[in-house]
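Here the structure is laid out as C-alpha cells; the discussion comes afterwards.
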Amino acid sequence: QVQLVESGGGLVQAGGSLRLSCAVSGGTPSNYAMGWFRQAPGKEREFVAAISRYGRSTYYGDSVKGRFTIARDNAKNTVYLQMNSLKPEDTAVYYCAARWLAIVTTTAYDYWGQGTQVSVSS
C-alpha cells in the first residue's frame, strides 16, 4: 500500500514562492507516475502537474505553466512542486497522487495524500 505525505504548505504573499514535497512510502517510486492536484473551497479538484516514472516527461495545467515546476528524486522517495510567482488564485489544498506506471492529467490516480494548505495573500 503506497502512502503519500505532503509538506511545505503555508501562507505566502503574492509573488512569493513555496516548495511542496511529497514523501512516498510502501512502494517503489519508479513504478509510479506522480501528480499534483489542488482543490479550492467550492471548486472541483484541479490538475496542477504530473511527472513520469523517471522524470523524463512532465505536464502542467494551463494556469500554472511557466510558474510551477514538478520534479522527483526516486532515490529519496520524494516528489517536489516548486511554486513561483504565486497568486491569490493559487490558494487551495494541494494533493500529491500516485498512479501505477502511466502518467495522466486526469484525477485517475491510485493513491492520494491528505493534502497541504497553500494560502496566498494579496
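The values are calculated or read from the model by the stated rules, or taken from the named source; none is laboratory data. The structure displayed is predicted, hence computed values, not measured ones. Note that each Cβ is placed from the backbone with ideal geometry, even for glycine, and that neighbours are counted across all protein chains shown. What goes into the accessible areas is simple: the full protein's heavy atoms, side chains included, and nothing from ligands, DNA or RNA. Shrake-Rupley method; radii C 1.70, N 1.55, O 1.52, S 1.80 Å.
Looking only at the stretch 25-42, which residues are aliphatic (A, V, I, L, M) and either loosely packed, with under 14 Cβ neighbours inside 10 Å or over 13 Å from Thr105 (Cβ atoms) (or both)? Show your work before the answer.
Start the filter on the stretch 25-42 by keeping residues that are aliphatic (A, V, I, L, M), which leaves 33-34, 40.
Ala40 - this is the single residue of the stretch 25-42 that is aliphatic (A, V, I, L, M) and either loosely packed, with under 14 Cβ neighbours inside 10 Å or over 13 Å from Thr105 (Cβ atoms) (or both).
What are the residues in the stretch 9-22 that are in a strand (DSSP E or B) and open to solvent by 50 Å² or more (accessible area, probe 1.4 Å), if any? Don't jump to the end; show me each part of the working.
Filtering the stretch 9-22 down to residues in a strand (DSSP E or B) leaves 10-13, 18-22.
Within the stretch 9-22, Leu11, Gln13, Arg19 qualify.
For the stretch 23-54, how many residues are part of a strand (DSSP E or B) and either hydrophobic (A, V, I, L, M, F, W, C) or without any contact (Cβ under 8 Å) to a residue 24 or more places away in the chain (or both)? Talk me through it step by step, then tell me what you get.
From the stretch 23-54, those part of a strand (DSSP E or B) are 23-25, 32-39, 46-51; that's our starting set.
Going one step further and asking which of them are either hydrophobic (A, V, I, L, M, F, W, C) or without any contact (Cβ under 8 Å) to a residue 24 or more places away in the chain (or both), we end up with 23-24, 33-34, 36-37, 47-51.
Here the count works out to 11.
Of all residue pairs spaced 6 or more apart or on separate chains, those with beta-carbon atoms under 9 Å, a first member in the stretch 82-93 that is open to solvent by less than 10 Å² (accessible area, probe 1.4 Å) and a second member that is assigned to a loop (DSSP other than H, G, I, E, B) and modelled with pLDDT under 95 are Ala92/Pro41.
For the stretch 19-62, a residue qualifies if it is more than 14 Å from the chain's Cα centre (by Cα) and either among the polar types (S, T, N, Q) or within 15 Å of Gly8 (Cβ to Cβ) (or both), and the qualifying residues are Ser25, Thr28, Ser30, Asn31, Ser57. Picking from residues in the stretch 99-122 that are under 18 Å from Gly8 (Cα atoms) and touching a helix residue (DSSP H, G or I) at 6+ places or on another chain (Cβ under 8 Å), the one that is most open to solvent (accessible area, probe 1.4 Å) is Ser121. Examine the stretch 27-45 for a residue that is small (Gly, Ala, Ser), under 26 Å from Pro88 (Cα atoms) and out of contact with any strand residue (DSSP E or B) (no Cβ under 9 Å at 6 or more places or on another chain), and state whether such a residue exists. Checked against the condition, which is being small (Gly, Ala, Ser), under 26 Å from Pro88 (Cα atoms) and out of contact with any strand residue (DSSP E or B) (no Cβ under 9 Å at 6 or more places or on another chain), the stretch 27-45 yields at least one hit. Taken as a whole, the structure leaves Ser85 outside the set of residues that are modelled with pLDDT under 95 and closer than 27 Å to Gly16 by Cα.
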